[in-house]
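Have a look at the structure below, then the notes.
The values are calculated or read from the model by the stated rules, or taken from the named source; none is laboratory data. Note that the structure is a prediction, hence the values are computed from the model and not measured. No Cβ is skipped: glycine too gets one built from the backbone with ideal geometry, and neighbour counts run over all protein chains shown. For the accessible areas, the whole protein counts, side chains as well, though only heavy atoms, and no ligand, DNA or RNA atoms are used. Shrake-Rupley method; radii C 1.70, N 1.55, O 1.52, S 1.80 Å.
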Amino acid sequence: VGWIPFAVWTGMRILRKEHIDAIYATGDPWSDFLVARVLSLLTGKPFIMDMRDPWTLRLGAYPELELGKVRRVIESFWERQCVWAASKVINVTTEATQMYKDWYVNVESSKFDCITQGYDPPDFEGIEGIGTAKMTIVAAGTYYNFRTPESFLQGLRHLVDLDPKLKEEIKIRFMGIGGS
């Protein structure tokens, strides 16, 4: 959180210089939302929270992420403040979006939206693929203690056990940051 004052100062400079109608913040880090909240308070500009993953509401699903009691109280407080103040709260799954609607019953449910990760097929019309000898599967993302490629690898092992020749026809690439 030590960077927040500098981010607010820089944000104010940008907001004064540019013609910006809204403040868009994505997390994590969750402190991005605190910066957006302060900038919104100082300027009156609406801000949008793009959660990607739930902030403190995710902790019940992943006990290994449990925070100390004091930190959990602080982060829950800031999450509430940001959700209440945001013009929109975006999640990437319908489940997470519903979880926020259910948790924040005093917040208008239309504030919560889901924009799933994916692609728009028209963006790829007319593009020809490059043939390769092997099918390549790319697993991109960040791995934590609770989010690992273990299930994917178990499924792949099962598939190769069913058809051993697939071992020579599939290439796997992991791209991202690994956890402990």
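Say R0 is 25 Å: what FRET efficiency, to the nearest 0.05, do Lys17 and Ser76 get from their beta-carbon distance? Please report the intermediate quantities before stating the final value.
Numbers: r = 35 Å, r/R0 = 1.40.
Efficiency for this residue pair is about 0.10.
Mind checking the dipole of the chain: about its Cα centre, +1 per Lys or Arg Cβ, -1 per Asp or Glu Cβ, Debye to the nearest 20?
Working: 21 positive and 23 negative charges, 145 e Å.
Magnitude of the dipole: close to 700 debye.
Ignoring ligands, DNA and RNA, what accessible area per residue does the chain give at 1.4 Å, in Å²?
Values: 12380 Å² over 180 residues.
I get 69 Å² per residue for the chain.
How do the peptides 44-56, 11-23, 83-95 rank, highest first, by the average count of neighbouring beta carbon atoms within 10 Å per residue? Don't jump to the answer; show the numbers that get you there.
On the way: 44-56: 18.6, 11-23: 12.0, 83-95: 16.9.
Ranking the peptides 44-56, 11-23, 83-95 by packing returns 44-56, 83-95, 11-23.
Return the Cα extents of the stretch 98-139 along principal axes one, two and three, sorted largest first, each rounded to a whole Å.
Over the stretch 98-139, Cα extents along the principal axes are 55, 23, 8 Å.
Solvent-accessible area of Trp3, probe 1.4 Å, all protein chains present, reported in Å² to the nearest ten, please.
110
With the convex hull built on the Cα atoms of the stretch 78-180, state its orientation-averaged projected area in nm². All intermediate terms of the calculation are to be shown ahead of the outcome.
Working: hull surface 42.4 nm².
With the hull built on Cα positions only, its mean projection is 10.6 nm².
Can you tell me the length gained on complete extension of the stretch Lys69 to Asp120, counting 0.36 nm per residue apart and subtracting the Cα distance?
Values: separation 51, 0.36 × 51 = 18.36 nm, distance 4.26 nm.
Taking 0.36 nm per residue and subtracting the Cα distance, the gain is 14.1 nm.
How far is helix 4-17 tilted off the main Cα axis of the chain, in degrees rounded to 10, range 0 to 90?
That works out to roughly 80 degrees.
Roughly how compact is the chain, stated as its Cα Rg over 2.2 N^0.38 Å to two decimals? All intermediate terms of the calculation are to be shown ahead of the outcome.
Values: Rg = 20.8 Å, N = 180, 2.2 N^0.38 = 15.8 Å.
Here the answer is 1.31, to two decimals.
Whenever you get a sec, compute what percent of the accessible area on the stretch 7-117 sits on carbon and sulfur atoms (1.4 Å probe).
Details: 3670 of 6520 Å².
Reported share for carbon and sulfur atoms: 56 percent.
Over all directions, how big on average is the projection of the convex hull of the alpha-carbon atoms in the stretch 1-61, in square nanometres?
Details: hull surface 17.4 nm².
That works out to 4.4 nm².
Each label point is 7 Å from the Cα along the Cα-to-Cβ direction; what then is the distance between the points at Val160 and Thr142, in nm?
Placing both labels 7 Å beyond Cα along the Cβ direction yields 2.9 nm.
Excluding Met12 itself, calculate the net charge of residues whose Cβ lies under 15 Å from the Cβ of Met12, where each Lys or Arg counts +1 and each Asp or Glu counts -1. All intermediate terms of the calculation are to be shown ahead of the outcome.
Working: positive: Arg13, Arg16, Lys17, Arg37, Lys45; negative: Glu18.
Overall, the nearby charge balance is +4.
Between the DSSP loop rule and a limit of at most 11 other Cβ atoms within 10 Å, which GluC sites (Glu not before Pro) in the stretch 107-180 are left? Write down the numbers at each step before the final one.
Details: sites: Glu108, Glu125, Glu128, Glu150, Glu168, Glu169; in loops: Glu108, Glu125, Glu128, Glu169.
Passing both the DSSP loop test and the Cβ count: Glu108, Glu125, Glu128, Glu169.
Report the gain in length on full extension from Phe152 to Leu41: 0.36 nm times residue separation, minus Cα-Cα distance, nm rounded to one decimal.
Working: separation 111, 0.36 × 111 = 39.96 nm, distance 4.41 nm.
Result: 35.6 nm gained on full extension.
Are there trypsin sites (Lys or Arg not before Pro) in the stretch 124-175 that DSSP marks as loop and that have at most 16 other Cβ atoms within 10 Å, and which are they? Intermediate results must be reported in sequence, preceding the final value.
Details: sites: Lys134, Arg147, Arg157, Lys165, Lys167, Lys171, Arg173; in loops: Lys134, Arg147.
Answer in residue order: Lys134, Arg147.
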